[in-house]
Amino acid sequence: MSNFVMNITKPIDAGSLANLNQKKGIVLTGENVSILNTSYYKKKNAASLQNNGVEGAGQKNIQTDSTGKSESVNVKHITLPSLTKKVSKGQKVPINFSSKKIKVNFGWNVNNPACDVDVSAFLLSGSGKVVGDDYFVFYGQKSSPEKSVLFKNVETANVLEVFDIDTGILNPSVAKIVFVMTINDALENSLNFSMLKDAYIQIVDPVNNTELASFLVEEYYNNINSMMMGEIYLHNGAWKFNAIGNGVNKDLAGLCEFYGVAVE
């Protein structure tokens, strides 16, 4: 998987544009702003901009759209870990951890190297919406406000991305955390989950590194490009894991709207 930088500039409205041009002497056209606005929830491959077209180790030049344009991407292959406490789709199980902390591991392999996959966490209240816009943790916002949920891109032999969670400092308004796997630019490039395999979520006790629960996706359909992998949630004061395994035809911006993250 490539190293990316993200444009974290919030979308610019017409009023802000006029004010910026007047005060700073910066001339931005509507076309410029349109590009900025539509790129807010997208990733830009920094490596491909810097390597001047030279294909490096672990990279492949792939066609990414109908124009035939290609870019270099890293394709990481993992070996599935031993999922010792695997549960079935829809199954809900208690997760008993020895401290206030848990670790949530994710991994996958791709059949199509154009698929750049990521996982995001939505911290939801009892209403099913995020507690606030800052309670959406992903590659562009790697921590919740109180640092109870931290995102890491690790890329080991078995694990690609990790969320470290400290329930002891978690905002008490958070009733559940939903983890969603998405394919970057899937809608634009006609990518879908039939191009993935070996996608899993694994809940681990970081104190003794033992697995508490896991779910391995077995259904990969060509009409979805995002997967609600699973969720951890509070039930009668105890944490449980729900293996959701439901796919949707939404990109990351669409999922933000679904879970109540403000997308201007």
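Coordinate-derived values only; no laboratory data. These figures come from a predicted structure and were not determined experimentally. Every residue, glycine among them, receives a Cβ derived from its backbone with ideal geometry; neighbour counts consider all protein chains shown.
Tabulated results
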| quantity | calculated |
| --- | --- |
| Cβ-based charge dipole, region 91-259, positive-most Cα from A238, V207, S173 | A238 |
| Area projected by the alpha carbon convex hull of region 91-259, averaged over all directions, nm² | 9.2 nm² |
| Cut-off under 5 Å, modelled amide H: who pairs with A213 long-range | I203 |
| Which listed pairs, of K103/K240; K101/K176; K142/K240; K76/K250; K103/K142; K100/K152, have C-alpha distances above 21 Å, in listed order | K142/K240; K76/K250 |
| Backbone HN-Hα couplings from phi across region 244-257 [Karplus 6.51/-1.76/1.60, Hz, Gly and Pro as x] | 6, x, 9, x, 9, 9, 9, 8, 5, 5, x, 5, 4, 4 |
| Amide H contacts under 5 Å for A199, placed H, 5+ residues apart | N109, V217 |
